[in-house]
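Student: Just passing along the structure, written as structure tokens.
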Amino acid sequence: MSASQKAVRPLARYIRSTQSSCQSAGAFRTFSSSVRLNVEAVAEPTAEKPKYDPETVTSIKGEKALMRSGIVPIGSRRRRAAIKSSDNLPFEQLPYLCFQEALKVLREDREEELKLIATERLRISNVQSRDVSTFRGGQLEKETKLASMRRYLEWLKIQADINDPLIKKRFEDGEGDMSKPIYRYLADRKWREYQRKIIVQRIEQFGVVPDFLPHFEPTADVHLAFKSRTVQPGEYIDSRVSEVAPRLKVQVFDKGERLVTVVVMDGDVPDVEKDGFATRCHFLATDIPLSPTDTSVPLSKLTNEQVILPWMPPFAQKGSPYHRLAAFVIEQQPGVKIASNYQAKDVRRESFVLRAFIQKERAKAIGFNMFRAEWDEGTAGVMERAGIEGADIEFKRKRVVALKPKQKPRGWEARHSGGKYKSLQR
Amino acid sequence: MASQTHASIRTMISPLLASFRSLSLTSNSTIPRALPIPSFTRSWTTTMMRSFSTTPSLALRGGGRAKKNPKSGRKGPVKDPRITLIRYHMQHPLTPRPLRFSRMRALRHWTIHRAWMLARRKKLEAEERELYRMYQSMHSACEELRLLDAPGTKDAGRLYRIAMEKKGIFGHGGVPIEYARMQTDTPGAEAWNHGWTR
């Protein structure tokens, strides 16, 4: 701190403290703040116990007092000072002419959309109450018609809210209510802009589609985290980190509750006899309820009924190439619980076939995330603690001996192989 | 709004400020150079002007003193030549400055933009609907004319035929587009039909 700042400090502190005290005394602010500010500062220069607002505190003293009481001041000091001096008008009442006109236009449009929604609801109920025999195509036509009308209704609901600036703001702040269609729509759009592209790229890069599943279109956002360590898709994870079961955050973007199965499997288990690779299931749990608002799936906190195969720490023996650990979220048939079909002793971890499981349960894979495992210095300990044998195995490539004997250089090469032609040789 | 408070602070402390200013002025003018001037008097006024700014002032870079810029001759910090070059190549005085908004301002901008797009779309759609309606009503009127008289009567469909005429719609003495010859690379076999009458 320079000498000038040092000299200025007491005065600045004085200014700040008077400001804050009068601010705390008069919580309400009017347009002409300057006059009131002075009057109050004169009238009661020191309040007995100044109460500090974390939104508007600017004095160091006030900040410290707040911090001591366990409340962290919000935003920067500059921002707080700006908020303090503003009139705190709600966003939609800001006195800008064009903005107000724009809001008027948007409100009118919303009214129209709401009318359309009411009409569509009425139409849907009319179609529902109509007898099946009045449709030329019978039950099928009725259902198709209803489905398309409902789709249109959902679209209308989104259109009614998509122009609302406050909804946009709330979504950007992460305060969107996922039970509402508009926030789900916005979240889906945001996910598809970047995160989904990464997941799709990983699916292509790591050959997930031919190796694990025949075809796969992810529709749910899956985040993977070991304790506090979040996993980027396809990252190498230390074996000591992945020793405990991860947490999944699964965000689905369509409404309603559903049951899902979570499978974590290793796709690169070396198989020496076959001279190839096999799969191994590291985790299997079924009947996990999931909805757009209820997104957290901690794998270590699932109930015993749900978990069929508990977490087995991923490991890669020395010399084997990296192992792809893929976590799939699979949506089960609606309302069908399948945990009772599987007992831990029936399901083998080794050579677990995901496509067979999906085909048998007529389920659909909706979410995917993955990480990679390699041999590292902690793997042996992890295997020992988990009671897995084979930490001392090291895989080595078989040396392939060439069938043709090595040939001596002939012709031009033999003639020019002497020291005289060193400059010609590479 | 922030400036209001700023102003209010300044009114509050203006006597103080004035005293400090006078002090600094008098010290500069009267006290001889040999006496060490307290350094805060120099930068005092500038610091007070920017009471909210927490960033260190640029003037402090060159040993706490604004150097004289050797090239332009104006006072101010010496700019990094790399920055100057980047500015020179990236920006042009004719290029409008980039639109940088605060969060709420951007949100207001977005609101206005959405409303404008919505209003424009609605206007376009209304225009199209109106045109379509007009065309439909003309069409139905012509249909009425066509079916006015029973077939076989004298002057059956006369009004319809008159309505279908295109006299004058391509300007006074103009020729309907249907009678125009297609543009070709070579002249026609008969260059001009002199015997043509309407």
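Student: Could you tell me whether region A:54-135 comes out rounded, prolate or oblate from its Cα gyration tensor? Rule is a ≥ b ≥ c as square roots of the eigenvalues, rounded for a/c under 1.5, then prolate if a/b exceeds b/c, otherwise oblate. List each step's numbers first, then the result.
Tutor: Details: a/c = 8.25, a/b = 2.46, b/c = 3.36.
Judged from the Cα gyration tensor, region A:54-135 comes out oblate (a/c at least 1.5, b/c at or above a/b).
Student: How many angstrom lie between the C-alpha centres of region A:86-133 and region A:368-390?
Tutor: Using only Cα atoms, the two centres lie 56 Å from each other.
Student: I need two numbers for chain A: Rg to one decimal and Dmax as a whole number, Cα atoms only, in Å.
Tutor: 32.9, 109
Student: Answer rounded, prolate or oblate for region A:321-426, using the Cα gyration tensor with square roots of eigenvalues a ≥ b ≥ c: rounded when a/c is under 1.5, else prolate when a/b is larger than b/c, else oblate. Write out the running numbers ahead of the final one.
Tutor: Numbers: a/c = 3.64, a/b = 2.65, b/c = 1.37.
Verdict is prolate for region A:321-426.
Student: Given a 1.4 Å probe and heavy atoms of the protein chains only, how would you sort A:312, A:265, largest accessible area at the top?
Tutor: Result, largest first: A:312, A:265.
Student: Looking only at chain A, where both bridge partners belong to it, what percent of the DSSP beta bridges are antiparallel (to the nearest 5)? Walk me through the numbers on the way to the answer.
Tutor: Values: 41 of 45 bridges.
Roughly 90 percent of the beta bridges in chain A run antiparallel, per DSSP.
Student: Ignoring ligands, DNA and RNA, how much accessible area is buried between chains B and A, both sides summed, with a 1.4 Å probe, to the nearest 100 Å²?
Tutor: Numbers: alone 18800 and 27780 Å², together 43490 Å².
Interface between B and A: roughly 3100 Å².
Student: Around residue A:209, what is the net charge, scoring Lys/Arg as +1 and Asp/Glu as -1 over all other residues with Cβ under 13 Å from its Cβ? Walk me through the numbers before you get to the answer.
Tutor: Working: positive: A:202, A:324, A:355; negative: A:204, A:211, A:217.
That sum, taken over residues with Cβ under 13 Å, equals 0.
Student: Would you mind giving the mean number of other chain beta-carbons within 10 Å of the Cβ of each residue in A:99-105, as a whole number?
Tutor: On the way: counts 7, 2, 4, 11, 4, 1, 8.
The per-residue average across the peptide is 5.
Student: Among residues other than residue B:145 whose Cβ falls under 10 Å from its Cβ, what is the net charge (Lys/Arg +1, Asp/Glu -1)?
Tutor: Numbers: positive: B:146, B:158, B:161; negative: B:143, B:144, B:149.
With Lys, Arg at +1 and Asp, Glu at -1, the net is 0.
Student: From the protein chains alone at 1.4 Å, what is the descending order of accessible area for B:142, A:98, largest first? Provide the component values of the computation, followed by the final result.
Tutor: Values: B:142 30, A:98 80 Å².
The most accessible residue leads, giving A:98, B:142.
Student: Are there chymotrypsin sites (Phe, Trp or Tyr not before Pro) in region A:281-326 that DSSP marks as loop and that have at most 15 other Cβ atoms within 10 Å, and which are they? Walk me through the intermediate numbers first.
Tutor: Numbers: sites: A:283, A:311, A:315, A:322; in loops: A:311, A:315, A:322.
Here the chymotrypsin sites (Phe, Trp or Tyr not before Pro) that fit, given the DSSP loop and packing criteria, are A:322.
Student: Rg (Å, one decimal) plus Dmax (Å, integer) for the alpha carbons of region A:97-188?
Tutor: Calculated on Cα positions, Rg and Dmax stand at 17.2, 57 Å.
Student: Right, next: At 1.4 Å probe size, with the rest of the protein present, what percent of the exposed accessible area of region A:97-188 is carbon and sulfur atoms?
Tutor: 54
Student: Within 10 Å of each Cβ in peptide A:157-163, how many partner chain Cβ atoms are there on average? Round it to a whole number, please. Let's see the in-between values first.
Tutor: Values: counts 0, 0, 0, 0, 0, 1, 6.
That works out to 1 on average.
Student: OK, next. Solvent-accessible area per residue for chain A at a 1.4 Å probe radius, Å²?
Tutor: Numbers: 26270 Å² over 426 residues.
On a per-residue basis, chain A sits at 62 Å².
Student: Right, another one. Counting only other residues whose beta carbon sits under 12 Å from that of residue A:79, what net charge do I get with K and R as +1, D and E as -1? All intermediate terms of the calculation are to be shown ahead of the outcome.
Tutor: Working: positive: A:77, A:78, A:80, A:84, B:103; negative: A:55.
Computed value for this residue: +4.
Student: Between their Cα atoms, which of A:115/A:364; A:249/A:337; A:169/B:122; A:180/A:364 are more than 29 Å away from each other? Intermediate results must be reported in sequence, preceding the final value.
Tutor: Details: A:115/A:364 37 Å; A:249/A:337 21 Å; A:169/B:122 25 Å; A:180/A:364 24 Å.
Cα-Cα > 29 Å for A:115/A:364; rest within.
Student: Here's something else I'd like to know. Arrange the residues B:138, A:370 by how much accessible surface each exposes, largest first, with a 1.4 angstrom probe.
Tutor: The residues order as B:138, A:370, largest area first.
Student: OK, next. How large is the Rg to Rh ratio of region A:204-386 when both quantities use alpha carbon positions and Rh follows Kirkwood? Please report the intermediate quantities before stating the final value.
Tutor: Working: Rg = 15.6 Å, Rh = 16.6 Å.
Ratio of gyration radius to Kirkwood radius for region A:204-386: 0.94.
Student: Residue separation times 0.36 nm, minus the C-alpha to C-alpha distance between residue B:170 and residue B:133: what's the value?
Tutor: Residue separation times 0.36 nm, minus the Cα-Cα distance, leaves 11.0 nm.
Student: Then there's this: Using Cα atoms only, what is the angle between the long axis of helix A:138-161 and the major principal axis of chain A, expressed in degrees (0 to 90) to the nearest 10?
Tutor: Taking Cα atoms only, the helix is inclined about 50 degrees.
Student: How many partner chain Cβ atoms sit within 10 Å of a residue's Cβ in peptide B:104-111, on average, as a whole number? Spell out each step's value before the answer.
Tutor: Details: counts 4, 3, 1, 8, 8, 4, 5, 15.
Average per residue, whole number: 6.
The values are calculated or read from the model by the stated rules, or taken from the named source; none is laboratory data. It should be emphasised that the depicted structure is a prediction, and the values quoted were computed from it without experimental measurement. Counting neighbours? That spans all protein chains shown, and the Cβs are built from the backbone with ideal geometry, glycine included. SASA here: full protein model, heavy atoms, side chains in, ligands and nucleic acids out. Shrake-Rupley method; radii C 1.70, N 1.55, O 1.52, S 1.80 Å.
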